[in-house]
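The values are calculated or read from the model by the stated rules, or taken from the named source; none is laboratory data. What you are looking at is a predicted structure, and each value in this text was computed from that prediction instead of being measured. Using ideal geometry, Cβ is built from the backbone for each residue, glycine included, and neighbour counts are taken over all protein chains shown. Side chains included, ligands, DNA and RNA excluded: accessible areas come from the protein's heavy atoms. Shrake-Rupley method; radii C 1.70, N 1.55, O 1.52, S 1.80 Å.
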Amino acid sequence: MVIANIISYVLVLLGAVNWGLYGIFNFNLVGWIFQGPRTAIAVITYILIALAAIWLIISPIISGSGLRLRHVDET
């Protein structure tokens, strides 16, 4: 599960950088890397980024740790 989380974080960060570049400079990084925003590999990349985001949302629920928004002192 740790490897899946690391891969998901990398993909979500790539998606965030892509959105930031697109919003600020109107530059699509994924589209540029794969020679067009609607090429098959670019679409697969977008789908993988979306699945990674979904994984990061549900993985705390699956692992039983839940989503903690603040530190809980367990003394």
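Residues in region 6-47 that are touching a helix residue (DSSP H, G or I) at 6+ places or on another chain (Cβ under 6 Å) and either touching a residue at least 12 places away in the same chain (Cβ under 8 Å) or among the aromatic types (Phe, Trp, Tyr) (or both): 8, 11, 12, 15, 18, 27, 29, 30, 34, 42, 45.
Taken over region 52-64, residues that are within 10 Å of the chain's Cα centre (by Cα) and touching a residue at least 40 places away in the same chain (Cβ under 8 Å) amount to 4.
Residues that are at pLDDT below 90 and either open to solvent by 90 Å² or more (accessible area, probe 1.4 Å) or of a type outside the set (Ser, Thr, Tyr) (or both) number at least 3 in the following helices (runs of 4 or more DSSP H) confined to the chain: 2-25, 40-63.
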